[in-house]
Amino acid sequence: MHGIVLVELRRFVDQKFGGDTWKKLQQESGVGSKMYMAMDSYPDQEAIALVTTASRMTGKPVASLLEDFGEHLVPRFIGIYPMLIKPQWKTLDFLEHVEETIHKIVRRDNPGANPPQLTCTRVSPNEVVIAYNSSRKMCGLAKGMVKGVARHYGEEVALEEPTCMLRGGAQCKIFVKTAG
């Protein structure tokens, strides 16, 4: 897992739950009082342990936490990679180009980061289908990021996920529609 994701997870937990929640979360997850660095890579199991423990501590389902966290990540990632985003893009354009722009750079510059493999297909002017593949099976994070991208562009999106790895699918298929 790329360190920036874990750094932002801490920021998200601090903003959403405050207090000593992060310290408690680290201890209860078994990760310990570790300091994450943005440009380093960490075992996926640490992120998974932190998220599942946060779910248990808050009573909020893992998928919901991941979606909220995904929305939280978008402004940070857009701030990191503004030169890769064309000014004329809207939500669906951005989604179509994530793999060939942002993920390509992340894989090149941070080999341990291993972002999910996304295949995005435009099926109509106001709809794309994202095929999400990752051994982490954090499709909730991807859906939250889609919502965060739409919020960035001031658009509303409707999401459907008829196929999901968490329900036995070979990959997740996320249908994203804008108001058109």
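Across the options Gly59, Met37, Ala47, the greatest Cα extent toward the positive end of the charge dipole of region 36-75 (unit charges at beta carbon of Lys, Arg, Asp, Glu) belongs to Gly59.
Largest mean-square fluctuation among Val123, Val74, Val51, in a Gaussian network model of the chain whose springs join Cα atoms under 10 Å apart, belongs to Val123.
How big is the dipole moment of the chain about its Cα centre under a simple scheme where the beta carbon of each Lys and Arg is +1, that of each Asp and Glu is -1, and everything else is neutral? Debye, nearest 20, please. Each step should come with its number before you reach the end.
Numbers: 23 positive and 20 negative charges, 37 e Å.
Dipole of the chain, to the nearest 20 debye: 180 debye.
Distance between the pseudo-spin-label points of Ser41 and Lys90 (7 Å out from Cα toward the beta carbon): 3.7 nm. Helices of the chain meeting both criteria, an alpha-carbon length of 18 angstrom or more along the long axis and an average Kyte-Doolittle score not below -1.0, with helices taken as full DSSP H segments, are 3-17, 44-58, 62-80, 139-152.
Which listed residue (Gln27, Val7, Gln88) has the Cα farthest towards the positive end of the charge dipole for the chain, taking +1 on Lys and Arg C-beta and -1 on Asp and Glu C-beta about the Cα centre? The one lying farthest along the dipole's positive direction is Gln27.
When the chain is treated as a GNM with alpha-carbon contacts under 10 Å, the residue of Ile102, Ile130, Ile80 showing the greatest mean-square fluctuation is Ile80.
A straight Cα-to-Cα reach below 18 Å connects Lys173 with the aspartates and glutamates Glu67, Asp93, Glu96, Glu99, Glu127, Glu160, Glu161, residues fewer than 8 places away in its own chain not being considered. Within the same chain, aspartates and glutamates fewer than 8 places from Lys34 are excluded, and of the rest, those with a Cα less than 13 Å from its Cα are Glu46.
Is there a pair in Lys90/Lys147; Lys60/Lys143; Lys24/Lys137; Lys24/Lys147; Lys143/Lys177 whose C-alpha atoms are over 18 Å apart, and which pairs would that be?
Among Lys90/Lys147; Lys60/Lys143; Lys24/Lys137; Lys24/Lys147; Lys143/Lys177, the Cα-Cα distance tops 18 Å for Lys24/Lys137; Lys24/Lys147.
The slack between Ala158 and Glu28, meaning 0.36 nm per residue of separation minus the straight C-alpha distance, is 43.3 nm. Each of Met145, Met138 was scored by other Cβ atoms within 10 Å of its Cβ. Arranged with the fewest first, they read Met145, Met138. A straight chain from Ile80 to Leu166 at 0.36 nm per residue would run longer than the Cα-Cα distance by 27.9 nm.
None of the figures in this text is laboratory data; all of them are computed from the coordinates on show. Everything quoted here is computed from the prediction, not taken from an experiment. Glycine also receives a Cβ, built like all others from the backbone with ideal geometry; neighbour counts cover every protein chain displayed.
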